[in-house]
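To start, the structure itself, in C-alpha coordinates.
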Amino acid sequence: MDYDFDLFVIGAGSGGVRAARVASAHGAKVAVAEEYRVGGTCVIRGCVPKKLLIYGAHFAEDLKDARRFGWNVPDCDFEWKALRDNVLADVDRLEGLYTNTLSSHDVEVIPERAVITGPHAVKLASGREVTAKYILVATGAWPVIPEIDGAEHGVTSNELFLLDECPKRIAIVGGGYIANEFAGIFHQFDSHVTIINRGGDLLRGYDAQIRDRLLQISVTKGINFRFHAKMRKIEKDKDGTLCVRFEEGEPVACDLVVFATGRKPHIDDLGLESAGVEINDKGAIKVDDYSKTSCPSIYAVGDVTDRLQLTPVAIREGHAFADTVFGDNPRTVDYGCVPSAVFSHPPLAGVGLTEREAKEKYGTIKIYTSDFRPMKNVLAGRDERALYKMVVDATTNRVVGLHMIGPDAPEILQAAAVAVKAGLTKQEFDDTVALHPSMAEELVLLK
Ligand code: NDP
(Lines give C-alpha, C1' and ligand atoms only; values in the text may rest on other atoms or scores of the structure.)
Protein backbone atom coordinates (compact mmCIF):
# COMPACT_ATOMS: atom_id res chain seq x y z
CA MET A 1 0.00 0.00 0.00
CA ASP A 2 1.15 3.54 -0.74
CA TYR A 3 1.33 6.04 2.11
CA ASP A 4 1.93 9.79 1.99
CA PHE A 5 4.86 9.37 4.39
CA ASP A 6 7.00 6.57 5.78
CA LEU A 7 6.91 8.26 9.19
CA PHE A 8 4.57 10.84 10.67
CA VAL A 9 5.78 12.25 13.98
CA ILE A 10 3.35 14.03 16.31
CA GLY A 11 5.26 16.49 18.48
CA ALA A 12 8.50 18.33 17.66
CA GLY A 13 10.13 18.08 21.08
CA SER A 14 13.43 16.43 21.94
CA GLY A 15 12.33 12.86 21.18
CA GLY A 16 10.28 13.66 18.07
CA VAL A 17 12.92 15.86 16.43
CA ARG A 18 15.67 13.29 16.95
CA ALA A 19 13.51 10.46 15.60
CA ALA A 20 12.46 12.51 12.55
CA ARG A 21 15.99 13.58 11.70
CA VAL A 22 17.52 10.10 12.06
CA ALA A 23 14.67 8.36 10.22
CA SER A 24 15.08 10.81 7.36
CA ALA A 25 18.84 10.21 7.30
CA HIS A 26 18.02 6.49 6.96
CA GLY A 27 16.08 7.37 3.81
CA ALA A 28 12.52 7.65 5.15
CA LYS A 29 10.04 10.27 3.93
CA VAL A 30 9.14 12.09 7.15
CA ALA A 31 6.73 14.77 8.38
CA VAL A 32 6.42 16.28 11.87
CA ALA A 33 3.33 18.03 13.17
CA GLU A 34 3.74 20.51 16.02
CA GLU A 35 0.85 22.53 17.44
CA TYR A 36 2.98 24.99 19.42
CA ARG A 37 6.69 25.57 18.81
CA VAL A 38 9.50 23.40 17.44
CA GLY A 39 11.78 22.37 20.30
CA GLY A 40 9.17 21.18 22.78
CA THR A 41 9.21 21.58 26.55
CA CYS A 42 12.97 21.36 27.02
CA VAL A 43 13.89 24.09 24.57
CA ILE A 44 10.85 26.36 24.73
CA ARG A 45 9.72 26.28 28.39
CA GLY A 46 11.87 23.87 30.32
CA CYS A 47 15.52 22.91 30.70
CA VAL A 48 17.05 25.57 28.44
CA PRO A 49 15.33 28.80 29.56
CA LYS A 50 15.39 27.49 33.15
CA LYS A 51 19.16 27.01 33.04
CA LEU A 52 19.60 30.53 31.66
CA LEU A 53 17.53 31.92 34.53
CA ILE A 54 19.75 29.97 36.91
CA TYR A 55 22.83 31.60 35.45
CA GLY A 56 21.10 34.95 35.89
CA ALA A 57 20.17 34.14 39.48
CA HIS A 58 23.70 33.12 40.41
CA PHE A 59 24.97 36.65 39.91
CA ALA A 60 23.14 37.74 43.06
CA GLU A 61 25.58 35.81 45.24
CA ASP A 62 28.53 36.14 42.88
CA LEU A 63 28.32 39.92 42.99
CA LYS A 64 28.31 39.87 46.79
CA ASP A 65 31.15 37.36 46.95
CA ALA A 66 33.20 39.39 44.48
CA ARG A 67 33.79 42.03 47.17
CA ARG A 68 35.64 39.46 49.28
CA PHE A 69 37.82 38.84 46.24
CA GLY A 70 38.82 42.49 46.00
CA TRP A 71 36.27 43.86 43.53
CA ASN A 72 34.62 47.17 44.34
CA VAL A 73 31.14 46.10 43.32
CA PRO A 74 28.55 48.84 43.78
CA ASP A 75 25.03 47.94 44.92
CA CYS A 76 23.46 46.43 41.82
CA ASP A 77 19.84 46.38 40.66
CA PHE A 78 18.27 43.44 38.92
CA GLU A 79 15.96 43.92 35.95
CA TRP A 80 13.74 40.92 35.43
CA LYS A 81 12.50 42.12 32.06
CA ALA A 82 16.02 42.41 30.65
CA LEU A 83 16.85 38.83 31.62
CA ARG A 84 13.44 37.53 30.52
CA ASP A 85 13.69 39.14 27.09
CA ASN A 86 17.26 37.95 26.52
CA VAL A 87 16.29 34.42 27.51
CA LEU A 88 13.22 34.46 25.25
CA ALA A 89 15.36 35.74 22.37
CA ASP A 90 17.72 32.82 22.84
CA VAL A 91 14.77 30.43 22.87
CA ASP A 92 13.70 31.94 19.51
CA ARG A 93 17.22 31.37 18.18
CA LEU A 94 17.19 27.74 19.27
CA GLU A 95 13.74 27.16 17.81
CA GLY A 96 15.13 28.41 14.50
CA LEU A 97 18.07 26.01 14.73
CA TYR A 98 15.79 23.05 15.47
CA THR A 99 13.52 23.98 12.56
CA ASN A 100 16.52 24.32 10.24
CA THR A 101 17.81 20.93 11.31
CA LEU A 102 14.52 19.35 10.30
CA SER A 103 14.29 21.24 7.01
CA SER A 104 17.88 20.46 6.08
CA HIS A 105 17.05 16.78 6.58
CA ASP A 106 14.06 17.11 4.23
CA VAL A 107 11.57 16.64 7.05
CA GLU A 108 8.28 18.43 6.35
CA VAL A 109 7.34 20.53 9.39
CA ILE A 110 3.58 21.03 9.72
CA PRO A 111 2.72 23.72 12.30
CA GLU A 112 -0.64 22.24 13.24
CA ARG A 113 -2.25 19.95 15.76
CA ALA A 114 -2.54 16.35 14.52
CA VAL A 115 -4.98 13.71 15.71
CA ILE A 116 -4.72 9.99 15.02
CA THR A 117 -7.71 8.61 13.09
CA GLY A 118 -6.48 5.06 12.47
CA PRO A 119 -3.37 2.82 12.58
CA HIS A 120 -1.91 4.66 9.58
CA ALA A 121 -3.97 7.85 9.45
CA VAL A 122 -3.73 11.33 10.92
CA LYS A 123 -5.99 14.36 10.59
CA LEU A 124 -4.54 17.84 10.85
CA ALA A 125 -6.26 20.90 12.33
CA SER A 126 -6.62 22.35 8.83
CA GLY A 127 -8.68 19.32 7.85
CA ARG A 128 -5.92 17.77 5.73
CA GLU A 129 -5.77 13.98 6.08
CA VAL A 130 -2.46 12.20 5.86
CA THR A 131 -1.41 8.56 5.81
CA ALA A 132 1.86 7.08 7.03
CA LYS A 133 3.39 3.64 7.29
CA TYR A 134 4.43 4.43 10.85
CA ILE A 135 3.23 7.05 13.33
CA LEU A 136 5.39 8.19 16.25
CA VAL A 137 3.68 9.85 19.22
CA ALA A 138 6.10 12.23 20.94
CA THR A 139 3.71 14.69 22.53
CA GLY A 140 5.47 14.92 25.89
CA ALA A 141 3.83 15.69 29.21
CA TRP A 142 1.71 18.50 30.59
CA PRO A 143 1.67 20.02 34.11
CA VAL A 144 -0.81 18.54 36.58
CA ILE A 145 -2.86 21.07 38.53
CA PRO A 146 -4.38 19.89 41.83
CA GLU A 147 -8.16 20.05 41.97
CA ILE A 148 -8.79 22.71 44.60
CA ASP A 149 -11.00 25.77 44.72
CA GLY A 150 -9.25 28.75 43.19
CA ALA A 151 -6.66 26.67 41.29
CA GLU A 152 -7.30 28.97 38.31
CA HIS A 153 -5.42 31.73 40.19
CA GLY A 154 -2.18 29.75 39.96
CA VAL A 155 0.23 29.22 37.08
CA THR A 156 2.63 26.43 36.10
CA SER A 157 6.25 26.48 35.00
CA ASN A 158 4.95 27.03 31.44
CA GLU A 159 4.05 30.60 32.31
CA LEU A 160 7.00 31.46 34.57
CA PHE A 161 9.25 32.40 31.67
CA LEU A 162 6.80 35.04 30.47
CA LEU A 163 6.04 36.93 33.70
CA ASP A 164 5.74 40.70 33.38
CA GLU A 165 7.41 41.22 36.70
CA CYS A 166 9.30 39.29 39.30
CA PRO A 167 6.86 38.42 42.12
CA LYS A 168 7.65 39.90 45.53
CA ARG A 169 6.13 36.84 47.23
CA ILE A 170 5.84 33.49 45.52
CA ALA A 171 4.32 30.24 46.79
CA ILE A 172 5.42 27.10 44.94
CA VAL A 173 3.28 24.00 45.41
CA GLY A 174 5.25 20.72 45.21
CA GLY A 175 8.60 19.52 46.48
CA GLY A 176 10.14 18.08 43.31
CA TYR A 177 12.45 19.25 40.55
CA ILE A 178 10.58 22.34 39.41
CA ALA A 179 9.70 23.55 42.92
CA ASN A 180 13.28 23.42 44.16
CA GLU A 181 14.81 24.86 41.00
CA PHE A 182 12.46 27.85 40.85
CA ALA A 183 12.65 28.39 44.62
CA GLY A 184 16.41 28.90 44.16
CA ILE A 185 15.93 31.18 41.15
CA PHE A 186 13.31 33.49 42.64
CA HIS A 187 15.00 33.60 46.04
CA GLN A 188 18.12 34.98 44.33
CA PHE A 189 15.93 37.57 42.62
CA ASP A 190 14.89 38.67 46.11
CA SER A 191 11.40 37.18 46.11
CA HIS A 192 10.01 35.85 49.38
CA VAL A 193 9.67 32.14 48.52
CA THR A 194 7.50 29.53 50.23
CA ILE A 195 7.53 25.89 49.15
CA ILE A 196 4.25 24.14 49.97
CA ASN A 197 4.68 20.37 50.16
CA ARG A 198 1.92 17.86 50.80
CA GLY A 199 4.36 15.38 52.40
CA GLY A 200 7.44 15.55 54.57
CA ASP A 201 10.06 14.86 51.90
CA LEU A 202 11.57 16.86 49.08
CA LEU A 203 12.77 15.27 45.85
CA ARG A 204 11.76 11.69 46.49
CA GLY A 205 14.09 9.37 44.59
CA TYR A 206 17.28 11.23 45.50
CA ASP A 207 19.53 10.14 48.37
CA ALA A 208 18.13 11.22 51.75
CA GLN A 209 21.36 12.77 53.05
CA ILE A 210 21.74 14.93 49.95
CA ARG A 211 18.10 16.04 50.12
CA ASP A 212 18.51 16.93 53.80
CA ARG A 213 21.51 19.07 52.93
CA LEU A 214 19.52 20.96 50.30
CA LEU A 215 16.75 21.59 52.82
CA GLN A 216 19.21 22.80 55.43
CA ILE A 217 20.96 25.17 53.00
CA SER A 218 17.65 26.41 51.56
CA VAL A 219 16.29 27.20 55.04
CA THR A 220 19.51 28.97 55.98
CA LYS A 221 19.27 31.09 52.83
CA GLY A 222 15.75 32.14 53.80
CA ILE A 223 13.46 29.94 51.68
CA ASN A 224 10.33 29.02 53.67
CA PHE A 225 8.86 25.52 53.76
CA ARG A 226 5.41 24.27 54.70
CA PHE A 227 5.43 20.48 55.04
CA HIS A 228 2.42 18.16 55.36
CA ALA A 229 0.36 21.07 54.07
CA LYS A 230 -3.04 20.07 52.74
CA MET A 231 -4.31 22.93 50.60
CA ARG A 232 -7.98 23.85 50.87
CA LYS A 233 -8.34 26.75 48.46
CA ILE A 234 -6.74 29.76 46.88
CA GLU A 235 -8.47 33.13 47.16
CA LYS A 236 -7.75 36.34 45.30
CA ASP A 237 -8.18 39.70 47.03
CA LYS A 238 -9.25 42.88 45.28
CA ASP A 239 -5.66 44.14 45.28
CA GLY A 240 -4.53 40.96 43.51
CA THR A 241 -2.99 39.34 46.59
CA LEU A 242 -3.42 35.58 46.61
CA CYS A 243 -4.12 33.67 49.78
CA VAL A 244 -3.43 29.93 49.97
CA ARG A 245 -5.57 28.36 52.70
CA PHE A 246 -4.92 25.00 54.30
CA GLU A 247 -6.91 22.40 56.25
CA GLU A 248 -4.71 23.32 59.21
CA GLY A 249 -2.33 26.18 59.96
CA GLU A 250 -1.91 29.77 58.90
CA PRO A 251 -2.64 30.79 55.29
CA VAL A 252 0.16 31.92 52.97
CA ALA A 253 -0.25 35.32 51.28
CA CYS A 254 1.61 35.86 48.04
CA ASP A 255 1.59 37.52 44.61
CA LEU A 256 2.05 34.34 42.58
CA VAL A 257 1.15 30.69 43.13
CA VAL A 258 3.00 28.14 41.00
CA PHE A 259 1.91 24.54 40.70
CA ALA A 260 4.95 22.27 40.36
CA THR A 261 3.00 19.13 41.10
CA GLY A 262 4.26 16.75 38.44
CA ARG A 263 3.51 16.29 34.76
CA LYS A 264 1.23 13.79 33.11
CA PRO A 265 1.44 12.30 29.59
CA HIS A 266 -0.05 14.64 27.02
CA ILE A 267 -2.60 12.41 25.32
CA ASP A 268 -5.91 14.25 25.63
CA ASP A 269 -8.02 14.02 22.45
CA LEU A 270 -5.14 12.51 20.50
CA GLY A 271 -7.36 9.82 18.98
CA LEU A 272 -5.32 6.92 20.39
CA GLU A 273 -8.45 4.79 20.79
CA SER A 274 -9.10 4.96 17.04
CA ALA A 275 -5.98 2.83 16.52
CA GLY A 276 -6.31 0.64 19.62
CA VAL A 277 -3.31 2.21 21.38
CA GLU A 278 -3.44 1.10 25.01
CA ILE A 279 -2.84 3.36 28.01
CA ASN A 280 -1.52 2.23 31.41
CA ASP A 281 -2.98 3.04 34.84
CA LYS A 282 -0.89 6.23 35.04
CA GLY A 283 -2.36 7.55 31.80
CA ALA A 284 0.83 6.85 29.80
CA ILE A 285 1.08 5.07 26.46
CA LYS A 286 2.10 1.44 26.94
CA VAL A 287 5.18 0.51 24.89
CA ASP A 288 7.55 -2.43 24.57
CA ASP A 289 11.34 -2.23 24.77
CA TYR A 290 11.44 -0.90 21.20
CA SER A 291 8.86 1.84 21.96
CA LYS A 292 6.17 0.00 19.99
CA THR A 293 2.60 0.49 21.26
CA SER A 294 -0.21 -2.09 21.20
CA CYS A 295 -0.83 -0.95 17.59
CA PRO A 296 2.07 -2.35 15.48
CA SER A 297 2.34 0.73 13.24
CA ILE A 298 2.34 3.25 16.10
CA TYR A 299 5.31 3.95 18.38
CA ALA A 300 5.75 6.39 21.28
CA VAL A 301 8.83 7.96 22.89
CA GLY A 302 9.60 10.43 25.68
CA ASP A 303 7.37 11.72 28.47
CA VAL A 304 4.17 10.46 26.85
CA THR A 305 5.34 6.98 27.94
CA ASP A 306 5.97 5.91 31.51
CA ARG A 307 9.75 5.65 31.59
CA LEU A 308 12.14 8.40 32.72
CA GLN A 309 10.87 11.99 32.26
CA LEU A 310 14.23 13.34 31.13
CA THR A 311 15.21 15.02 27.85
CA PRO A 312 18.33 12.92 27.12
CA VAL A 313 16.28 9.77 27.64
CA ALA A 314 13.62 10.92 25.15
CA ILE A 315 16.38 11.69 22.65
CA ARG A 316 17.84 8.19 23.04
CA GLU A 317 14.42 6.61 22.68
CA GLY A 318 13.74 8.62 19.50
CA HIS A 319 17.11 7.67 18.05
CA ALA A 320 16.74 3.97 18.93
CA PHE A 321 13.25 3.94 17.39
CA ALA A 322 14.53 5.41 14.10
CA ASP A 323 17.48 3.01 13.95
CA THR A 324 15.20 0.06 14.72
CA VAL A 325 12.43 0.82 12.25
CA PHE A 326 14.31 2.58 9.44
CA GLY A 327 18.00 1.75 9.97
CA ASP A 328 17.82 -2.03 10.02
CA ASN A 329 19.49 -1.86 13.44
CA PRO A 330 17.06 -2.95 16.17
CA ARG A 331 18.17 -1.52 19.47
CA THR A 332 16.75 -0.61 22.86
CA VAL A 333 17.67 2.05 25.41
CA ASP A 334 19.70 1.13 28.50
CA TYR A 335 18.01 2.75 31.51
CA GLY A 336 20.70 1.68 33.97
CA CYS A 337 22.76 4.35 35.73
CA VAL A 338 21.08 7.35 34.11
CA PRO A 339 22.56 10.43 35.82
CA SER A 340 20.21 13.23 36.80
CA ALA A 341 20.45 16.60 38.49
CA VAL A 342 18.34 19.21 40.19
CA PHE A 343 19.51 22.73 39.36
CA SER A 344 18.61 23.98 42.78
CA HIS A 345 20.76 26.51 44.59
CA PRO A 346 23.22 24.84 45.14
CA PRO A 347 22.60 22.09 42.61
CA LEU A 348 22.54 18.40 43.40
CA ALA A 349 23.10 15.37 41.20
CA GLY A 350 23.12 11.60 41.43
CA VAL A 351 23.71 8.40 39.51
CA GLY A 352 23.00 4.80 40.44
CA LEU A 353 21.52 3.58 43.69
CA THR A 354 20.81 5.63 46.79
CA GLU A 355 22.03 4.27 50.13
CA ARG A 356 18.59 2.84 50.88
CA GLU A 357 18.19 1.22 47.46
CA ALA A 358 21.68 -0.29 47.63
CA LYS A 359 21.00 -1.76 51.09
CA GLU A 360 17.85 -3.38 49.78
CA LYS A 361 19.63 -4.77 46.72
CA TYR A 362 23.02 -5.81 48.10
CA GLY A 363 22.52 -6.18 51.87
CA THR A 364 26.03 -5.17 52.86
CA ILE A 365 27.28 -1.87 51.55
CA LYS A 366 29.93 0.69 52.40
CA ILE A 367 29.31 4.42 52.43
CA TYR A 368 32.02 7.02 51.94
CA THR A 369 31.30 10.72 52.35
CA SER A 370 33.13 13.99 52.07
CA ASP A 371 31.48 16.92 53.80
CA PHE A 372 33.50 20.02 52.99
CA ARG A 373 33.37 23.76 52.54
CA PRO A 374 34.44 24.59 48.98
CA MET A 375 37.53 26.83 48.90
CA LYS A 376 35.64 29.63 47.15
CA ASN A 377 32.95 29.63 49.82
CA VAL A 378 35.59 29.87 52.57
CA LEU A 379 37.14 33.07 51.18
CA ALA A 380 33.70 34.45 50.35
CA GLY A 381 32.70 33.90 53.99
CA ARG A 382 29.83 31.75 52.80
CA ASP A 383 29.07 29.05 55.34
CA GLU A 384 27.71 26.55 52.84
CA ARG A 385 29.06 23.02 52.78
CA ALA A 386 29.15 20.56 49.89
CA LEU A 387 28.46 16.86 50.43
CA TYR A 388 29.70 14.00 48.23
CA LYS A 389 28.57 10.46 48.91
CA MET A 390 29.72 7.19 47.39
CA VAL A 391 27.74 3.97 47.78
CA VAL A 392 29.79 0.79 47.37
CA ASP A 393 28.71 -2.86 47.17
CA ALA A 394 30.80 -4.36 50.03
CA THR A 395 31.11 -7.75 48.33
CA THR A 396 32.56 -6.61 45.00
CA ASN A 397 33.87 -3.18 46.04
CA ARG A 398 32.02 -1.80 43.01
CA VAL A 399 30.73 1.78 43.19
CA VAL A 400 26.95 1.46 42.73
CA GLY A 401 25.89 5.01 43.52
CA LEU A 402 27.32 8.51 43.58
CA HIS A 403 25.45 11.50 44.96
CA MET A 404 26.52 15.07 45.49
CA ILE A 405 25.36 18.56 46.35
CA GLY A 406 27.54 21.61 45.93
CA PRO A 407 28.79 24.07 43.31
CA ASP A 408 28.95 22.51 39.82
CA ALA A 409 27.70 19.13 41.11
CA PRO A 410 25.95 18.29 37.78
CA GLU A 411 29.12 19.06 35.78
CA ILE A 412 31.26 16.88 38.03
CA LEU A 413 28.74 14.08 38.26
CA GLN A 414 28.31 13.75 34.50
CA ALA A 415 31.99 12.81 34.18
CA ALA A 416 31.99 10.56 37.24
CA ALA A 417 28.85 8.79 35.98
CA VAL A 418 30.98 7.24 33.22
CA ALA A 419 32.98 5.40 35.89
CA VAL A 420 29.87 4.27 37.77
CA LYS A 421 28.20 3.11 34.56
CA ALA A 422 31.38 1.23 33.63
CA GLY A 423 31.18 -0.63 36.96
CA LEU A 424 34.48 0.64 38.38
CA THR A 425 35.48 -0.21 41.94
CA LYS A 426 36.28 2.07 44.85
CA GLN A 427 39.92 0.99 44.44
CA GLU A 428 39.92 2.23 40.84
CA PHE A 429 38.65 5.61 41.98
CA ASP A 430 41.40 5.65 44.66
CA ASP A 431 44.07 4.67 42.09
CA THR A 432 43.33 7.85 40.13
CA VAL A 433 45.55 10.74 41.20
CA ALA A 434 43.70 13.79 42.49
CA LEU A 435 43.48 16.94 40.38
CA HIS A 436 44.41 19.62 42.88
CA PRO A 437 42.95 21.99 43.88
CA SER A 438 39.45 21.09 42.75
CA MET A 439 36.21 20.03 44.36
CA ALA A 440 36.02 16.92 42.18
CA GLU A 441 39.26 15.57 43.69
CA GLU A 442 37.20 14.61 46.75
CA LEU A 443 35.88 11.70 44.66
CA VAL A 444 39.28 9.99 44.60
CA LEU A 445 40.18 10.86 48.20
CA LEU A 446 37.14 9.41 49.97
CA LYS A 447 38.07 7.63 53.23
P1 NDP B 1 8.12 16.04 40.42
O2 NDP B 1 7.56 14.72 40.12
O3 NDP B 1 9.60 16.22 40.51
O4 NDP B 1 7.51 16.56 41.80
C5 NDP B 1 6.14 16.69 41.98
C6 NDP B 1 5.89 17.20 43.38
O7 NDP B 1 4.53 17.57 43.50
C8 NDP B 1 6.17 16.17 44.46
O9 NDP B 1 6.72 16.83 45.57
C10 NDP B 1 4.77 15.63 44.75
O11 NDP B 1 4.62 15.19 46.08
C12 NDP B 1 3.93 16.88 44.57
N13 NDP B 1 2.54 16.62 44.21
C14 NDP B 1 2.07 15.79 43.26
N15 NDP B 1 0.74 15.87 43.17
C16 NDP B 1 0.35 16.79 44.09
C17 NDP B 1 -0.90 17.30 44.48
N18 NDP B 1 -2.04 16.90 43.91
N19 NDP B 1 -0.93 18.23 45.46
C20 NDP B 1 0.21 18.66 46.04
N21 NDP B 1 1.42 18.20 45.71
C22 NDP B 1 1.50 17.27 44.74
O23 NDP B 1 7.47 17.01 39.33
P24 NDP B 1 7.82 18.46 38.80
O25 NDP B 1 6.52 19.06 38.45
O26 NDP B 1 8.73 19.19 39.72
O27 NDP B 1 8.62 18.14 37.46
C28 NDP B 1 8.01 17.34 36.45
C29 NDP B 1 9.00 16.44 35.79
O30 NDP B 1 9.82 17.21 34.93
C31 NDP B 1 9.96 15.77 36.76
O32 NDP B 1 9.49 14.52 37.17
C33 NDP B 1 11.23 15.65 35.97
O34 NDP B 1 11.28 14.39 35.38
C35 NDP B 1 11.13 16.72 34.91
N36 NDP B 1 12.06 17.81 35.24
C37 NDP B 1 13.40 17.54 35.24
C38 NDP B 1 14.31 18.51 35.56
C39 NDP B 1 15.75 18.17 35.58
O40 NDP B 1 16.14 17.14 35.05
N41 NDP B 1 16.60 18.98 36.23
C42 NDP B 1 13.89 19.89 35.87
C43 NDP B 1 12.45 20.05 35.87
C44 NDP B 1 11.60 19.05 35.56
P45 NDP B 1 4.97 13.68 46.54
O46 NDP B 1 6.46 13.62 46.68
O47 NDP B 1 4.24 13.56 47.80
O48 NDP B 1 4.43 12.80 45.45
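All but one of (1) more than 15 Å from the ligand (Cβ to nearest atom); (2) among the aliphatic types (A, V, I, L, M); (3) in a loop (DSSP other than H, G, I, E, B) hold for Val122, so report the exception by its number. (3) is the only condition that Val122 fails. Checked against (1) in contact with a helix residue (DSSP H, G or I) (Cβ under 7 Å, 6 or more places away or on another chain); (2) away from the ligand (no atom under 14 Å from the Cβ); (3) of a type in the set (S, T, N, Q), Thr131 meets all criteria but (1). Residues in the stretch 100-119 that are more than 21 Å from Arg21 (Cβ to Cβ) and part of a loop (DSSP other than H, G, I, E, B): 2 in all. Here Leu63, Leu97, Leu83 are screened, and the one residue that is in a helix (DSSP H, G or I), buried (at least 18 other Cβ atoms within 10 Å of the Cβ) and free of Cβ contacts under 8 Å to residues at least 40 places away in the same chain is Leu83. Scanning the stretch 160-201 for residues being within 14 Å of the ligand (Cβ to nearest atom) and more than 19 Å from Ala60 (Cβ to Cβ) gives a total of 14. Taken over the stretch 277-288, the residue count meeting the criterion of being out of contact with any helix residue (DSSP H, G or I) (no Cβ under 9 Å at 6 or more places or on another chain) and in contact (Cβ under 8 Å) with a residue 24 or more places away in the chain is 3.
Cβ separations smaller than 9 Å between residues 6+ apart or across chains give the following pairs from the stretch 33-48 residues that are part of a strand (DSSP E or B) to residues that are not hydrophobic (A, V, I, L, M, F, W, C): Ala33/Gly11; Ala33/Pro111; Ala33/Glu112; Ala33/Arg113. For the stretch 49-73, a tally of residues being of a type in the set (A, V, I, L, M, F, W, C) and either over 24 Å from the mean Cα position of the chain (by Cα) or farther than 14 Å from Phe189 by Cβ (or both) returns 5. If only residues of the stretch 66-80 that are assigned to a loop (DSSP other than H, G, I, E, B) and in contact (Cβ under 8 Å) with a residue 24 or more places away in the chain are counted, the one that is surrounded by the fewest Cβ atoms within 10 Å (Cβ to Cβ) is Phe69. Scanning the stretch 237-254 finds one or more residues that are within 15 Å of the ligand (Cβ to nearest atom), more than 30 Å from Val115 (Cα to Cα) and aliphatic (A, V, I, L, M).
Taking (1) within 16 Å of Ile44 (Cβ to Cβ); (2) at pLDDT below 95 in turn, Asp90 satisfies each apart from (2).
So which residues in the stretch 323-345 are within 14 Å of the ligand (Cβ to nearest atom) and touching a Pro at 6+ places or on another chain (Cβ under 6 Å)?
Our first condition is that a residue be within 14 Å of the ligand (Cβ to nearest atom); within the stretch 323-345, this holds for 335, 338-345.
Across the stretch 323-345, the qualifying residue is only Ala341.
Check Arg307, Arg356 and return the single one that is surrounded by fewer than 17 Cβ atoms within 10 Å (Cβ to Cβ) and either among the small types (Gly, Ala, Ser) or in contact with a helix residue (DSSP H, G or I) (Cβ under 9 Å, 6 or more places away or on another chain) (or both).
When all the criteria are applied, what remains is Arg356.
For the structure I just gave you, tell me whether Val43 is modelled with pLDDT of 95 or more, within 16 Å of the ligand (Cβ to nearest atom) and touching a Cys at 6+ places or on another chain (Cβ under 7 Å). Judged against the criteria, Val43 is not a match. Of all residues in the stretch 361-375, exactly one satisfies the criterion of being touching a residue at least 40 places away in the same chain (Cβ under 8 Å) and farther than 19 Å from Arg385 by Cα, namely Lys366.
When Arg226, Arg204, Arg211 are checked against the criterion of being within 12 Å of the ligand (Cβ to nearest atom), surrounded by fewer than 22 Cβ atoms within 10 Å (Cβ to Cβ) and under 21 Å from the mean Cα position of the chain (by Cα), a single residue qualifies: Arg204. Name the residue, out of Ile185, Ile196, that is in contact (Cβ under 8 Å) with a residue 40 or more places away in the chain and either of a type in the set (Phe, Trp, Tyr) or touching a strand residue (DSSP E or B) at 6+ places or on another chain (Cβ under 6 Å) (or both). From the options Ile185, Ile196, the qualifying one is Ile196. Could you please find all residues in the stretch 141-155 being surrounded by 18 or more Cβ atoms within 10 Å (Cβ to Cβ) and within 10 Å of the ligand (Cβ to nearest atom)? The answer is Ala141, Pro143. Checked against (1) charged (D, E, K, R); (2) under 23 Å from Leu202 (Cβ atoms); (3) buried (at least 19 other Cβ atoms within 10 Å of the Cβ); (4) more than 28 Å from the chain's Cα centre (by Cα), Lys389 meets all criteria but (4). Of the residues making up the stretch 319-330, at least one is surrounded by fewer than 17 Cβ atoms within 10 Å (Cβ to Cβ) and within 19 Å of Phe5 (Cα to Cα).
Cβ-Cβ contacts under 8 Å between residues 6 or more apart (or on different chains), taken from a first residue in the stretch 166-182 that is among the polar types (S, T, N, Q) to a second residue that is within 15 Å of the ligand (Cβ to nearest atom) and part of a loop (DSSP other than H, G, I, E, B), are listed as Asn180/Leu202; Asn180/Leu203; Asn180/Ser344. The residues of the stretch 6-28 that are in a strand (DSSP E or B), of a type outside the set (Val, Ile, Thr) and buried (at least 22 other Cβ atoms within 10 Å of the Cβ), listed by number, are Leu7, Phe8.
The values are calculated or read from the model by the stated rules, or taken from the named source; none is laboratory data. All figures in this text were calculated on a predicted structure; none of them were measured in a lab. Glycine also receives a Cβ, built like all others from the backbone with ideal geometry; neighbour counts cover every protein chain displayed.
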